[in-house]
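Everything on this sheet refers to the single structure shown next.
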Amino acid sequence: MQLYLASTSPARLMLLRQSGIEPVIVPSDVDEDAAVNAASVNGPLSPEHTVQLLARAKAESVAAEHPEFDGLILGGDSVFVVDGVIYGKPHTPEAARERWLAQRGSTGRLYSGHWLIEQRPGAEPRAVGALAHADVTFADDITDSELDAYIATGEPLFVAGAFTIDSLGAAFIDRISGDPSTVVGLSLPTLRRLVRELGHDWPSLWNRNGAL
């Protein structure tokens, strides 16, 4: 069973590869800001609604653009919330530093949305989705010089919440409550359950050397 990943996230790709899955990477052309704004006409979206909306939009965009695909199309999205404030990717060193100063010594929640579409020739597409979350507690003794050095690497600029747990940022995190893969980019246990919900065994996705 081929898995198509509607994302260019290196973290999601790494997780899948470590799990024995080599996906076909197919970036979606979803305008995330426009999608969220369109869905917010009656008020701001919750973090849970936001990540599920975008995960679904990404998967459906790729499915519509590639009706020839035969397999499972996965869309995902993540946001980090601290004290009720939603943090996506900071993009700039200034924004990353501001966020780290606010979250140092605090606990935040990472939400990860998943949308999985089964697309087979001659059959109606089927889709399932699910949300996962994990709580992240940051060390309270991180120095300003450590933060500046970390931000200077560029690593935190393009990840939700401005941190990673699988690279340089790991040393600044004291505790994770929940599935760690959720914090990296997608929840592998959640994805396994979605695959089963569509009637497929998880091992049917294993296609990397050494996984079989």
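Can we say residue 81 is in a strand (DSSP E or B) and either touching a Pro at 6+ places or on another chain (Cβ under 8 Å) or closer than 24 Å to residue 1 by Cβ (or both)?
Working: in a strand (DSSP E or B): yes; either touching a Pro at 6+ places or on another chain (Cβ under 8 Å) or closer than 24 Å to residue 1 by Cβ (or both): yes.
Against the criterion (in a strand (DSSP E or B) and either touching a Pro at 6+ places or on another chain (Cβ under 8 Å) or closer than 24 Å to residue 1 by Cβ (or both)), residue 81 qualifies.
Give the residue, chosen from 74, 54, that is at pLDDT 95 or above and touching a His at 6+ places or on another chain (Cβ under 9 Å).
Working: 54 fails: touching a His at 6+ places or on another chain (Cβ under 9 Å).
Residue meeting the stated conditions: 74.
Mind listing whichever residues of segment 1-29 are farther than 15 Å from residue 78 by Cα, free of Cβ contacts under 8 Å to residues at least 60 places away in the same chain and outside any helix (DSSP H, G or I)?
Passing the criteria: 23, 24, 25, 26, 27, 28, 29.
Is it the case that segment 90-97 has a residue that's modelled with pLDDT of 95 or more, out of contact with any Gly (no Cβ under 8 Å at 6 or more places or on another chain) and not in a helix (DSSP H, G or I)?
Yes, segment 90-97 contains at least one residue that is modelled with pLDDT of 95 or more, out of contact with any Gly (no Cβ under 8 Å at 6 or more places or on another chain) and not in a helix (DSSP H, G or I).
Does residue 80 meet the test of being of a type in the set (Phe, Trp, Tyr), over 25 Å from residue 123 (Cβ atoms) and buried (at least 16 other Cβ atoms within 10 Å of the Cβ)? Step through it out loud before you land on a result.
Details: of a type in the set (Phe, Trp, Tyr): yes; over 25 Å from residue 123 (Cβ atoms): yes; buried (at least 16 other Cβ atoms within 10 Å of the Cβ): yes.
Considered against the rule, which asks whether it is of a type in the set (Phe, Trp, Tyr), over 25 Å from residue 123 (Cβ atoms) and buried (at least 16 other Cβ atoms within 10 Å of the Cβ), residue 80 comes out as yes.
Assess whether residue 25 counts as being under 19 Å from residue 197 (Cβ atoms) and at pLDDT 95 or above.
Details: under 19 Å from residue 197 (Cβ atoms): no; at pLDDT 95 or above: yes.
No: the conditions fail for residue 25.
For segment 110-167, enumerate the residues that are of a type in the set (Ser, Thr, Tyr), in a strand (DSSP E or B) and either over 21 Å from residue 55 (Cα atoms) or open to solvent by less than 20 Å² (accessible area, probe 1.4 Å) (or both). Let's see the steps before the verdict.
Keep residues of segment 110-167 that are of a type in the set (Ser, Thr, Tyr), which gives 111-112, 137, 143, 145, 150, 153, 164, 167.
Subset that is in a strand (DSSP E or B): 111-112, 137.
Within segment 110-167, 112, 137 qualify.
Can you find a residue that is open to solvent by less than 30 Å² (accessible area, probe 1.4 Å), touching a residue at least 24 places away in the same chain (Cβ under 8 Å), closer than 28 Å to residue 151 by Cβ and touching a helix residue (DSSP H, G or I) at 6+ places or on another chain (Cβ under 9 Å) anywhere in segment 83-92? Lay out the reasoning, then the answer.
Here is the first cut: in segment 83-92, the ones open to solvent by less than 30 Å² (accessible area, probe 1.4 Å) are 88, 90.
Among the residues that remain, those that are also touching a residue at least 24 places away in the same chain (Cβ under 8 Å) are: 88, 90.
Add one more test, that the residue is closer than 28 Å to residue 151 by Cβ, and what stays is 88, 90.
Subsequent filtering for residues that are touching a helix residue (DSSP H, G or I) at 6+ places or on another chain (Cβ under 9 Å) retains 88, 90.
Within segment 83-92 (the criterion being open to solvent by less than 30 Å² (accessible area, probe 1.4 Å), touching a residue at least 24 places away in the same chain (Cβ under 8 Å), closer than 28 Å to residue 151 by Cβ and touching a helix residue (DSSP H, G or I) at 6+ places or on another chain (Cβ under 9 Å)), the answer is yes, since at least one residue qualifies.
The values are calculated or read from the model by the stated rules, or taken from the named source; none is laboratory data. Just so it is clear, the model here is predicted, and its values are computed rather than measured. Neighbour counts run over all protein chains shown; Cβ positions are idealised from the backbone, glycine included. Please note that ligands, DNA and RNA were not included when accessible areas were found on the heavy atoms of the full protein model with its side chains. Shrake-Rupley method; radii C 1.70, N 1.55, O 1.52, S 1.80 Å.
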